[in-house]
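Enquirer: Here's a structure for you.
Since every read-out is calculated from the coordinates, none of them should be taken as a lab result. Note that this is a predicted model, so its numbers are computed, not measured. Note that each Cβ is placed from the backbone with ideal geometry, even for glycine, and that neighbours are counted across all protein chains shown.
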């Protein structure tokens, strides 16, 4: 190998610590992104690209009453003079400011195709034209009157404003979103009239809380309308902290289509959800059969949104249908709030509603003071000039003589009449026609008016109360122009409460109802076979396994599995493995210890009560609603000690209890002797010398005790025939009547088994 060539000598090489270099460069990049790209300024609510666009349009004289210009020209001027970034990025920002479905109060009025709510892109910049709106004019109002600081542009050839005067609460009214480095912002649009009300209240009561301000600003007001179903407490909390979210739903109505049928029409969709994507998603879910209540979806939109949803049948509850769509589609979204903004154009921090409004008001105060001082300086200059003009009128002949005869008339005039440089310059620049007698009267009138205005400005600058009164008047004028009574300003997003208690109904409705037969084997394998035609003899099992339970159910049912550990486990009938093969062990579906096994499997029936008992003969009555728990760990109901286990779960249907032990002793007693409780060990049902509980059931005394023998024949013993077996709870009982099954079981406990 040859010797490696040394680098060309181009000056001294300085060693740099890589970690330090990366930190410095990354910090510079992060600050640039935060300050000059992603976060809006709290005062005018604009990011640099938007501010530069509006200023460039103002420089092109594209006011609300002015002409339209090609967007290509606007983008070119913005890019060349102020914003050295890609023209597509600048045009995207410009186009968005003109979209009334993206921006609550558009800052740009567009001519041509600026995109639509379906998510289509705007036409190319060479085809579209734009000018400023009245709202944008309010943001720029007074920019030429020294109201804000200017800074050099990227190449130092031009000056650009660091912030706009912002006679409009733009940050909250139009919102903002952006992702910086390590931080992001997300502010939804609000109603300008409501913001004006809140700002006026804040001027009057500077210590107003977020709770009070929410009375004026109840929540976002989105360009596309919709319904906010967020509780007031969480809205207040979001505005207090500056972080939170709002649950937003589409607005819908029910249309009668005759003969008892109906269709649902969605008229407003959530903010920033492309309509075409929404319809495609609903259609996709329909194909996947995940919307069993919906038959069809059609987009009949023209200028207004009109999505038609057809229910599967006239019996479908419209509220349930919409709840299913809200759950699975973007007809319901969450609108985030993260008011991370630049305070004073320098400090990124998260502000609450009160601080954001206060910073805007403070900015308006600064603008008012600077504008007043600028006007005062202009008046002082004009009064100085007018005083010089009056001297001319009093000595017109002498002034003309000096100008005609002197080579340098300016110093001669200044010396003769004790004029200032400004006055002498103004006199020399006068036109001859201004020497009319009428002009003298007009100058005196202007002098008096300016003197009066000067006095008012001095008074304004000397009094903070007068300044706030002036700002309040400006805000009232703003409200009159853009408030709730105007077409642009009336609230679009409404508030409502989401329907309560529909979760269980919805869960059932979301599953297509079909009959199934659930098969559980002795070794714990479970499967679901379609239909109710399955017969026990036709079933096959693994070698050494056999049938334990066969339950007829619907796919919408919940199955309850009672285990020897005293726990109840809930299983959705629609989630069980199919009938092909032998199914799966139920142990894979629930968290159950290896030593425990199944006791009973049955369909959950709301409102029913159960008799539960252990091998030791202890038991009690429990409401069935108490045992349901849709978790893998199930719910502990019957407490069993080591060596004992749960043995019976039977429906309560009667006024008496029949208990039989493994020692074949039968005891009957009144049901009222058993307590009803949600959990516990229970009380003794029957006393045993040897063995434990074999079976237990409830029955009506007047109907007698029914049992099923090994040949599946049903027998009933009347109350008179059972006279010798009646006793009280916890007795030992006696041998059952002749013919009672040798298995010591009463037979089927639940219907559908």
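Enquirer: Does the stretch 655-753 come out rounded, prolate or oblate, given a ≥ b ≥ c as the square roots of the eigenvalues of its C-alpha gyration tensor, rounded meaning a/c under 1.5 and, failing that, prolate meaning a/b above b/c? The partial results should precede the final answer.
Expert: On the way: a/c = 1.36, a/b = 1.27, b/c = 1.07.
Judged from the Cα gyration tensor, the stretch 655-753 comes out rounded (a/c under 1.5).
Enquirer: Let me ask another. Taking the stretch 353-419 as the region of interest, what is the percent of Cα-Cα pairs per 10 angstrom bin, listed from the shortest bin to the one with the maximum distance?
Expert: Calculated P(r), rounded to whole percents: 18, 28, 17, 14, 12, 9, 3, 0.
Enquirer: Could you work out the equivalent-ellipsoid semi-axes for the stretch 187-344, taking the square root of 5 times each eigenvalue of the Cα gyration tensor, largest first, in whole Å?
Expert: On the way: eigenvalues 274, 47, 39 Å².
Semi-axes (√(5λ), whole Å): 37, 15, 14.
Enquirer: Give me the angle, in degrees from 0 to 90, between the Cα long axis of helix 48-59 and the longest principal axis of the Cα atoms of the chain, rounded to the nearest 10.
Expert: 40
Enquirer: Helix-derived [θ] at 222 nm for the chain: sum -39500 (n - 2.57) over DSSP H runs of at least 4, divide by residue count, nearest 500? Mind dumping the intermediate values first?
Expert: On the way: 18 runs with 237 residues, N = 753.
Per the formula, -10000 deg cm²/dmol.
Enquirer: Which whole-percent values make up P(r) of the stretch 532-589 when all C-alpha to C-alpha distances are grouped in 10 Å steps starting at zero?
Expert: Spelled out per bin, shortest first, that is 17, 53, 29, 1.
Enquirer: Let me ask something additional. With the contact rule set at Cα under 8 Å and sequence spacing of 6 or more, what percent relative contact order holds for the chain?
Expert: Details: 1401 pairs, mean separation 65.9, N = 753.
About 9 percent, as a whole number.
Enquirer: Follow-up. As a test of the definition: which semi-axes, in Å, follow for the stretch 511-725 when you take the square root of five times each eigenvalue of its alpha carbon gyration tensor? Largest first, please. Show your work: numbers first, answer last.
Expert: Values: eigenvalues 171, 82, 60 Å².
Ellipsoid semi-axes (Å, largest first): 29, 20, 17.
Enquirer: Taking a ≥ b ≥ c as the square roots of the Cα gyration tensor eigenvalues, with a/c under 1.5 meaning rounded and otherwise prolate when a/b beats b/c, else oblate, which class fits the stretch 357-482? It would help to have the intermediate numbers written out before the result.
Expert: On the way: a/c = 3.63, a/b = 2.75, b/c = 1.32.
Cα axes put the stretch 357-482 in the prolate bin.
Enquirer: Then there is this: When a footprinting reagent is the concern and you count Cβ atoms within 10 Å, what order do 714, 486 take, fewest first? Don't skip to the answer; put the middle values down first.
Expert: Details: 714 10, 486 13.
Least crowded to most crowded, the residues run 714, 486.
Enquirer: Moving on. Full-extension gain between residue 68 and residue 742, please, as 0.36 nm times their residue separation minus the C-alpha to C-alpha distance.
Expert: Numbers: separation 674, 0.36 × 674 = 242.64 nm, distance 9.89 nm.
Extra length available between residue 68 and residue 742 comes to 232.7 nm.
Enquirer: Give me the distance in nm between label points sitting 7 Å out from Cα along the Cα-to-Cβ direction at residue 459 and residue 36, one decimal.
Expert: Taking the simple label geometry, residue 459 and residue 36 are separated by 4.7 nm.
Enquirer: Can you sort 488, 685 from fewest to most other Cβ atoms within 10 Å of each residue's own Cβ? Don't skip to the end; give the middle numbers.
Expert: Working: 488 16, 685 27.
Lowest to highest Cβ neighbour count: 488, 685.
Enquirer: Residues of the stretch 638-681 with the amide nitrogen closer than 16 Å to a label point 7 Å from the Cα of residue 700, along Cα-to-Cβ, please.
Expert: Under 16 Å, as judged by backbone N against the label point of residue 700, lie 652-657, 671 of the stretch 638-681.
Enquirer: What full-extension length gain, to one decimal in nm, is calculated for residue 439 and residue 145 as 0.36 nm per residue of separation minus the Cα-Cα distance? Don't jump to the answer; show the numbers that get you there.
Expert: Values: separation 294, 0.36 × 294 = 105.84 nm, distance 2.80 nm.
The span from residue 439 to residue 145 would gain 103.0 nm if fully extended.
Enquirer: While we're on this one: Please determine, in degrees from 0 to 90 and to the nearest 10, the orientation of helix 71-81 with respect to the longest principal axis defined by the Cα atoms of the chain, where the helix direction is its Cα long axis.
Expert: Roughly 70 degrees between the two axes.
Enquirer: Please sort 123-131, 310-318, 102-110 by packing, taking for each peptide the average over its residues of neighbouring beta carbons within 10 angstrom, highest first. List each step's numbers first, then the result.
Expert: Working: 123-131: 18.2, 310-318: 14.0, 102-110: 23.2.
Highest mean packing first, the order is 102-110, 123-131, 310-318.
Enquirer: Further, regarding this structure: Distances over 17 Å make up what percent of all Cα-Cα pairs in the stretch 46-165? Before the final figure, lay out the partial values.
Expert: Working: 3753 of 7140 pairs.
Roughly 53 percent, rounded to a whole number.
Enquirer: Please compute the alpha carbon radius of gyration of the chain, then divide it by the globular-protein estimate 2.2 N^0.38 Å. Two decimals is fine.
Expert: Values: Rg = 42.1 Å, N = 753, 2.2 N^0.38 = 27.3 Å.
Taking the Cα Rg and dividing by 2.2 N^0.38 Å, one obtains 1.55.
Enquirer: Okay, moving on. Arranged from highest to lowest average of other beta-carbon atoms within 10 Å per residue, in what order do the peptides 695-703, 668-676, 301-309 appear?
Expert: Numbers: 695-703: 18.4, 668-676: 16.4, 301-309: 14.7.
Packing proxy ranking, top to bottom: 695-703, 668-676, 301-309.
Enquirer: What angle, in degrees between 0 and 90 and rounded to the nearest 10, separates the Cα long axis of helix 318-328 from the longest principal axis of the Cα atoms of the chain?
Expert: 70
Enquirer: Working out 0.36 nm times the residue gap between residue 476 and residue 430, then minus their Cα-Cα distance, what length gain in nm do you get to one decimal? Walk me through the numbers on the way to the answer.
Expert: Values: separation 46, 0.36 × 46 = 16.56 nm, distance 4.24 nm.
Length gained between residue 476 and residue 430: 12.3 nm.
Enquirer: Let me ask something additional. Measure off 7 Å from each Cα along the Cα-to-Cβ vector at residue 377 and residue 663, then give the distance between these two points in nanometres to one decimal.
Expert: 11.0
Enquirer: For a distance above 23 Å, tell me the whole-number percent of Cα pairs in the stretch 99-196 that qualify.
Expert: Result for the distance tail: 45 percent.
Enquirer: Label the stretch 299-338 by shape, choosing from rounded, prolate and oblate, from the square roots a ≥ b ≥ c of the eigenvalues of the Cα gyration tensor; if a/c is under 1.5 it is rounded, and otherwise prolate applies when a/b is larger than b/c, oblate when it is not. Walk me through the numbers on the way to the answer.
Expert: Details: a/c = 3.61, a/b = 1.28, b/c = 2.81.
Oblate, since a/c reaches 1.5 and b/c is not below a/b.
Enquirer: Let me ask another. Once label points are set 7 Å from the Cα along Cα→Cβ at both residue 19 and residue 121, what is their separation, rounded to one decimal in nm?
Expert: Placing both labels 7 Å along Cα→Cβ, they lie 4.5 nm apart.
Enquirer: Hey, what's the per residue convex hull volume over the C-alpha atoms of the stretch 251-330, in cubic angstrom? Numbers along the way, then the final one.
Expert: Details: hull volume 6.9 nm³, N = 80.
Cα convex hull per residue, to the nearest whole number: 87 Å³.
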